[in-house]
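Working notes for the structure below.
The values are calculated or read from the model by the stated rules, or taken from the named source; none is laboratory data. Since the structure is predicted, the reported quantities are computational estimates derived from the model, not experimental observations. Every residue, glycine as well, gets a Cβ built from its backbone with ideal geometry; the counts of neighbours run over all protein chains shown.
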Amino acid sequence: MPADARTSSSEVAAAPTTAPEGVGAEEAPDERAVMKEAWLTLSVVSLASIFSGMSGSALNVALPTVVRHFDASATAASWMLLAFMLANTGLMIFFGRLADMFGRRQMYLVGLATFTFASFLCGLAPNAWTVVGLRVLQAAGAAMLLTNSAALVTAAFPRARLGQGMGIYLASFSVAQLLGPTVGGVLAEHAGWRWVFWFNVPIGLICLAWGAWALPRVARSGQRQGIDVPGNLLVIVALGSGLAALSQATTLGWTSWVVIGGLVVFLLGMPTFVLFERRVTHPLVDMTLFRDRPFALGLGASFLNSTSQAGVLLLFSLYFQAVQGVDPLDAGLRVLPLAVATLIFSSSSGLFQRWVSPRALAVVGNLCTGAGLSVLASSVITEAGYVAIAAGLVLAGAGSGLFMPSNTTALMGAMPHDRLGIANAMRLMLQQSGFVVGTAVVLSVLTAPLAPELRQYAFAGTLSDVSADGLTDLLTGYRWTLFTMLTLNAATVLTSLAALRASKRADGAVIPPAGPTAAG
């Protein structure tokens, strides 16, 4: 099997020349030491990813319990999710820059401490909007973790083993998705809403102690780079305005000045940000990276993929509670097939990459996600039983498990070590932006057919007890939402195919033809 079927030419160029060709070859002493450090780094990063990821997936299931406790409005319920995503997205590259200046290890440990402390405070919140505010602090800690995780793994693993390490790292989020809904359901049902946040505290302290002992010190770049504060503010204001407009469109109407103003600020703010970044001395986003066509298209595919599948877990956690009337624990158990499939295929992606290139595997993953969304849409339309819904969740989870590590390996594997931090931060920023936009779209489209006074009951999971007509309207919202997600998935497939073709053209341009004429 030719080497270019397994890895791109840039990855081959970056791989150590002394790496053994065969998987079964005995590792040299130096390589054993490198791999020991790599596995230690991976253990810290994966454990922390499980810890932070469980918080979000647990809240998705427990959200109706939190909403009922505070008698929260639909807007407050939406922003318990959106505030975290917005702050997390806006702060990622900022903390990535700080990590380059002060060290990834230090920033990672500070992130663990911040996330743990914020989780403790969330459990003490006296009202819904205080929860929203503390979720912003939680998001800051998560941004410090996420912006450094993949960069730490990429720097620790030899290029020949990066696919394996990245697959296991990203599988940790699947473990979080697997455990989080069940934990969230159990805690919401039996321990109360506060423990949906407080369970993070002991786990966070364990992660912090393990990280302080096991995480190796990473050399800094040595460059004193400036911090692009105006760029950060532009991103947060523009993206936040767009989210506010989307979240209020179904309540206030598309002609409301709040909605129109928010969309105008977003549409003007993002191009302004791009123009500003091209002129600033120390830009938040390194625009020169977009000259690499495969990298730019890969980032676009990451954004669209996140947008198209952002709401699957939330949608069906709410579906089982608001439509079928089950309790949070039962809802958490019913969405487990999504996380199980993601875990299996994510952890296996490194094995698949031995025979299929990462970019080709990303295309397969997107097609699989599209198949899953089609099954879920059909299940909602026909009001099929749980088996059909579970099948759709498995397909969607398998697609996510194949796409995420494969696309990340393709993007990060081509980067030199001195650009890993900013490249990873850009990848994460666009990926998280996709989740933010996707969640806002899902919440807006889902509740659009509902009367305004019934929307809070949909988020509280009690709509089936309040209004039969409202339940019919909510099912209409589910159909609209799933068709919207399918349209976004189609755009993702096309972008992934374009990235694959661009990568093949780039490889063909730099790899000399085989034969006697290439020897000289």
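Figure legend. Inter-residue proximity from segment 196-218: first residues in contact (Cβ under 8 Å) with a residue 40 or more places away in the chain, second residues surrounded by 14 or more Cβ atoms within 10 Å (Cβ to Cβ) and not in a helix (DSSP H, G or I), beta-carbon distance below 7 Å, spacing 6+ or different chains. Indicated pairs: Phe197/Gly123; Trp198/Gly123; Val218/Gly103. Name the helices (runs of 4 or more DSSP H) wholly inside segment 427-520 in which the number of residues that are of a type in the set (A, V, I, L, M, F, W, C) and modelled with pLDDT of 75 or more is 2 or more. Of the helices (runs of 4 or more DSSP H) lying wholly inside segment 427-520, those with at least 2 residues that are of a type in the set (A, V, I, L, M, F, W, C) and modelled with pLDDT of 75 or more span 468-510. Listed by first and then second residue, the pairs with beta-carbon distance under 6 Å, at least 6 apart or on different chains, first residue in segment 299-310 and more than 12 Å from Phe403 (Cα to Cα), second at pLDDT 85 or above and aliphatic (A, V, I, L, M), are Thr307/Leu488; Ser308/Met485; Ser308/Leu488. If you check every pair at least six apart or on different chains, which have Cβ atoms under 9 Å apart with a residue in segment 40-69 that is within 17 Å of Val312 (Cα to Cα) first and a residue that is surrounded by 23 or more Cβ atoms within 10 Å (Cβ to Cβ) and among the basic types (Lys, Arg) second? Final answer for the pair search is Leu59/Arg135.
Checked against (1) surrounded by fewer than 21 Cβ atoms within 10 Å (Cβ to Cβ); (2) assigned by TED's automatic domain parsing to the domain that holds Leu497, Leu268 meets all criteria but (2).
Among the residues of segment 255-298, those identified as in contact (Cβ under 8 Å) with a residue 24 or more places away in the chain and of a type in the set (Ser, Thr, Tyr) are Thr272, Thr281.
Of everything in segment 76-126 that is surrounded by 21 or more Cβ atoms within 10 Å (Cβ to Cβ) and of a type in the set (Val, Ile, Thr), the residue that is nearest to the chain's Cα centre (by Cα) is Thr89. On inspection, Gly397 fails the criterion of being over 15 Å from the mean Cα position of the chain (by Cα) and within 23 Å of Asp330 (Cβ to Cβ). Cβ-Cβ contacts under 6 Å between residues 6 or more apart (or on different chains), taken from a first residue in segment 470-492 that is within 21 Å of Ala451 (Cα to Cα) to a second residue that is part of a helix (DSSP H, G or I) and basic (Lys, Arg), are absent.
Every residue, every condition in (1) surrounded by fewer than 19 Cβ atoms within 10 Å (Cβ to Cβ); (2) touching a Leu at 6+ places or on another chain (Cβ under 7 Å), yes or no:
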position: Ser149; (1), (2): no, no
position: Thr154; (1), (2): no, yes
position: Phe157; (1), (2): no, no
position: Ala176; (1), (2): no, no
position: Ala188; (1), (2): no, no
position: Arg194; (1), (2): yes, no
position: Ala214; (1), (2): yes, yes
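Under the condition of being basic (Lys, Arg) and at pLDDT 85 or above, the residues counted in segment 66-115 number 1. If the condition is being under 24 Å from the mean Cα position of the chain (by Cα) and modelled with pLDDT under 85, then segment 189-219 contributes Gly211, Leu215.
The listed residues are Phe295, Phe290, Phe303, Phe316, and the only one of them that is more than 21 Å from Thr75 (Cα to Cα), modelled with pLDDT of 85 or more and either in the same structural domain as Ser496 (by TED's automatic domain parsing) or crowded, with 22+ Cβ neighbours inside 10 Å (or both) turns out to be Phe303. Quick check on Ser374: is it closer than 27 Å to Ser302 by Cα, within 18 Å of the chain's Cα centre (by Cα), in a helix (DSSP H, G or I) and touching a residue at least 24 places away in the same chain (Cβ under 8 Å)? No; evaluated as a whole, the condition is false for this residue.
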